[in-house]
Amino acid sequence: MSLLDLPHHDGSPLHVSDESPRLGDVVTVRVRTSTADPVDAVWLRTTYDAEPVFHAMTPTTDGDTTWWSGELPVHNPVTHYRFLLVRAGVDGQHEQEWLTAAGIVGIDVPDATDHLISAYSAAPDWGRDGVVYQVFPDRFARSAAADERPTPEWAIAADWDDEVIFEPLDPRTPLQLFGGDLDGITEHLDHVEEVGADIVYTTPVFPGESNHRYNATTFDRVDPLLGGDEAYERLSTAVHARGWRILGDLTTNHTGDTHEWFTAAAADPTAATRSYYYFEPDGTYATWMGHTTLPKVNHGDPDLRAAMVEGPDSVVGRWLRPPYDVDGWRIDVANMTGRLGALDVAHDVARAARHTAAELRDDPLVIGEHNHDATGDIDGDGWHGTMNYSGFSWPLWSWLRDPATPARAFGRPVQVPRRPGGAVVETFRAWHAAFGWRATSQSWNILGSHDSARIRTMVGSADVHRVAAGLQFTMPGVPMIFAGDEIGLEGVTGEDSRRTMSWHRRDEWDTDTLATYSHLARLRRSYGALRHGGLRWAHVDDDTIAFVRELDGQRLLVVARRAGGETFTLPTADRATHLLGTEPGGVDLEGPGDEVVVPATAGARLDVWRLDG
């Protein structure tokens, strides 16, 4: 029996009549089963104020498929539900299984893997439909004006072709300044368009005594080294003129130790901003991960929260207003914001930031960085989604990692393991279940970032890199490209990955990979199934992962191979039209009856077909 014959439900429009219901609505949910794996009855189980309630579901058979429909009351802001499958057994006994968001289980399990539906507002369409391009301003491009700016006392000036000093314990690493600026980004928006992105996300633009600027000295202005407020306005205007969006990056968890709030507080225990931080009687203070240059702010203090996240005059608010018109925020270290020991107001902070954004803009996006487990932080009225390291990056790395890579793991003391396809799919399913369908679809699929090794270094070859990009664009979630991935930039660590873009050495670019990113972006934009469609796993072996994305009559088959693979057959259509391959070749598919035969391959590649039968 094929994986496609297994009972299936997800949160997509094919299975849920309303992805964003209001509290008190009744939503129709559907389960798909196959006559090849007959089910005698299906019950919808939800929890009504934490009390289990069962609703009978009604079957309708269409050929080899049976659709079971039931009514789900949206009684709580985040409603849990699962399905009880009943089959005829031996000796008149019934066999029972649960269909959860993590798959089918034959035992009674806790609600942690239940399907979720949220009555809170969804992310804006542009945030889910777009492609994000992340820019680390110091390393992206220099405008002519950058040559006239003096190097500050704290910095070590670097020429554009210098090697990055990347060892974290080297004190020069955060001080090496290459001089990229905001006008340099504006001058290269044609390249962003060629890649296929339409959301520009920059790491922080506030002044800070480092090249990364996560140690802000103020939130009231843009760093003059980047061109100042006027350059940020020019970038925002140029981005919006193309019909795109722009996102800022804000450290709500900490400031720099040279920030005006902190210097006043450290100098005077009676200062108004003293309560913004966690000072001990001896003058020591809480920090981000022991870094004394990054003092942690106290969101238990109402004055700090008002200054940072609440209202139009807060840091969150002022940059969303003209003339900057930022469309939303990526929140740095969102997982730790508002959390310290016994204090946990993280969700209050997220809710306040999102409420402020919604007051000022019709359709803002607020994404929280979370490189661990964002479960519970992204299914309500807080962050719309997360940078999905745990649910996308790490499983993908573990499938595609080159055993000989020099790339270092991010967040663990040893290299990520190399795992077979079956284990990787189980990992994807576990995280999809933990986050919920909508939050997964609104989160960012990242192959890496300014904080991690580059994907090209991790996988070791261009063809496998292109397979990774293919999965980034075809799985549920929003692709986020770290500038330079599209041309094959490398990096062993996060600091090393912050290499400069070689605008003057285009002959060194991997133009085949650049073209693949462009083709993938166009394909995703052309097919709603890749942005909003459901996902059914179709075939998995050690070196192959295949799935079908479905929406409104569109059915796309995606087959990813990390190495050469054998022929296999899928009972999903009688023909398939080839739409994209990450390597040359690719043919239309046919099969006997209502099947398609997927041919063997000699190496790593990803292909997408439209199922026409």
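Suppose we filter PRO137, PRO168 for residues that are buried (at least 20 other Cβ atoms within 10 Å of the Cβ), in the same structural domain as SER502 (by TED's automatic domain parsing) and within 29 Å of the chain's Cα centre (by Cα); which single one remains?
Working: PRO168 fails: buried (at least 20 other Cβ atoms within 10 Å of the Cβ).
Among PRO137, PRO168, only PRO137 is buried (at least 20 other Cβ atoms within 10 Å of the Cβ), in the same structural domain as SER502 (by TED's automatic domain parsing) and within 29 Å of the chain's Cα centre (by Cα).
Condition check: outside any helix (DSSP H, G or I), of a type in the set (A, V, I, L, M, F, W, C), over 17 Å from ARG454 (Cα atoms) and in the same structural domain as VAL459 (by TED's automatic domain parsing). Does TRP503 satisfy that? Yes: the conditions hold for TRP503.
Selection of the range 364-388 for residues being closer than 25 Å to TRP244 by Cα, in contact with a strand residue (DSSP E or B) (Cβ under 6 Å, 6 or more places away or on another chain) and outside any strand (DSSP E or B) yields PRO364, ILE378, TRP383, HIS384. Which residues, counting only those in the range 114-133, are among the hydroxyl-bearing types (Ser, Thr, Tyr) and either surrounded by 20 or more Cβ atoms within 10 Å (Cβ to Cβ) or assigned to a strand (DSSP E or B) (or both)? Across the range 114-133, the qualifying residues are SER118, TYR133.
Filtering the range 187-213 to residues that are closer than 22 Å to ALA241 by Cα and either assigned to a strand (DSSP E or B) or at pLDDT below 95 (or both) leaves ILE199, VAL200, TYR201, THR202.
The set of residues in the range 399-413 that are surrounded by fewer than 21 Cβ atoms within 10 Å (Cβ to Cβ) and under 18 Å from GLY460 (Cβ atoms) comprises ASP402, PRO403, ALA404, THR405, PRO406, ARG408, ALA409, PHE410.
Annotation: of all residues in the range 463-479 being out of contact with any Ser or Thr (no Cβ under 9 Å at 6 or more places or on another chain) and in a helix (DSSP H, G or I), the one that is nearest to GLU583 (Cα to Cα) is VAL464. Quickly run through the range 377-398 and pick out the residues that are modelled with pLDDT of 95 or more, buried (at least 24 other Cβ atoms within 10 Å of the Cβ) and of a type in the set (A, V, I, L, M, F, W, C). TRP383, MET387, PHE392, LEU396, TRP397, listed by residue number.
The set of residues in the range 334-356 being under 19 Å from GLY248 (Cβ atoms), assigned to a helix (DSSP H, G or I), in contact with a Gly (Cβ under 7 Å, 6 or more places away or on another chain) and among the hydrophobic types (A, V, I, L, M, F, W, C) consists of VAL349, ALA350.
For (1) farther than 15 Å from THR457 by Cβ; (2) surrounded by 22 or more Cβ atoms within 10 Å (Cβ to Cβ), each residue gets a yes or a no:
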{"position": "ILE487", "(1), (2)": "no, no"}
{"position": "THR500", "(1), (2)": "yes, yes"}
{"position": "TRP503", "(1), (2)": "yes, no"}
{"position": "ARG506", "(1), (2)": "yes, no"}
{"position": "TRP509", "(1), (2)": "yes, no"}
{"position": "ALA515", "(1), (2)": "yes, no"}
{"position": "ARG522", "(1), (2)": "yes, no"}
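Within the range 349-359, the residues that satisfy the criterion of being surrounded by 17 or more Cβ atoms within 10 Å (Cβ to Cβ) and either farther than 15 Å from MET308 by Cβ or touching a helix residue (DSSP H, G or I) at 6+ places or on another chain (Cβ under 8 Å) (or both) are VAL349, ALA352, ALA353, THR356, ALA357.
Return the residue satisfying two criteria in turn: it lies in the range 146-156 and is outside any loop (DSSP other than H, G, I, E, B) and under 34 Å from the mean Cα position of the chain (by Cα), and of such residues it is surrounded by the most Cβ atoms within 10 Å (Cβ to Cβ). Filtering first and then ranking leaves ALA146. Against the test of being surrounded by fewer than 24 Cβ atoms within 10 Å (Cβ to Cβ), within 29 Å of HIS115 (Cβ to Cβ), in contact (Cβ under 8 Å) with a residue 12 or more places away in the chain and among the hydrophobic types (A, V, I, L, M, F, W, C), the options ALA434, ALA374 yield a single qualifying residue, ALA434.
Going by the conditions given, is GLU566 among the charged types (D, E, K, R), out of contact with any Lys or Arg (no Cβ under 9 Å at 6 or more places or on another chain) and on the phi < 0 side of the Ramachandran plot?
Values: among the charged types (D, E, K, R): yes; out of contact with any Lys or Arg (no Cβ under 9 Å at 6 or more places or on another chain): yes; on the phi < 0 side of the Ramachandran plot: yes.
It is true that GLU566 is among the charged types (D, E, K, R), out of contact with any Lys or Arg (no Cβ under 9 Å at 6 or more places or on another chain) and on the phi < 0 side of the Ramachandran plot.
Summed over the range 574-604, the residues that are buried (at least 20 other Cβ atoms within 10 Å of the Cβ), within 21 Å of ASP541 (Cα to Cα) and aliphatic (A, V, I, L, M) give a count of 4. The residues listed here are THR263, THR251; of these, the one that is of a type in the set (Val, Ile, Thr) and in contact (Cβ under 8 Å) with a residue 24 or more places away in the chain is THR251.
Out of ARG412, ARG408, report the one residue that is more than 19 Å from the chain's Cα centre (by Cα), in contact (Cβ under 8 Å) with a residue 60 or more places away in the chain and under 20 Å from ASP496 (Cβ atoms). Full working, then the answer.
Working: ARG412 fails: in contact (Cβ under 8 Å) with a residue 60 or more places away in the chain.
Being more than 19 Å from the chain's Cα centre (by Cα), in contact (Cβ under 8 Å) with a residue 60 or more places away in the chain and under 20 Å from ASP496 (Cβ atoms) holds for just one of ARG412, ARG408, which is ARG408.
One residue alone among GLU495, GLU550 is in the same structural domain as THR601 (by TED's automatic domain parsing), charged (D, E, K, R) and farther than 28 Å from GLU193 by Cβ, and that residue is GLU550.
The values are calculated or read from the model by the stated rules, or taken from the named source; none is laboratory data. Remember, it's a predicted structure, so these values are computed and weren't measured experimentally. Neighbour counts are summed over all protein chains in view; Cβ atoms, including those assigned to glycine, are modelled from backbone coordinates with ideal geometry.
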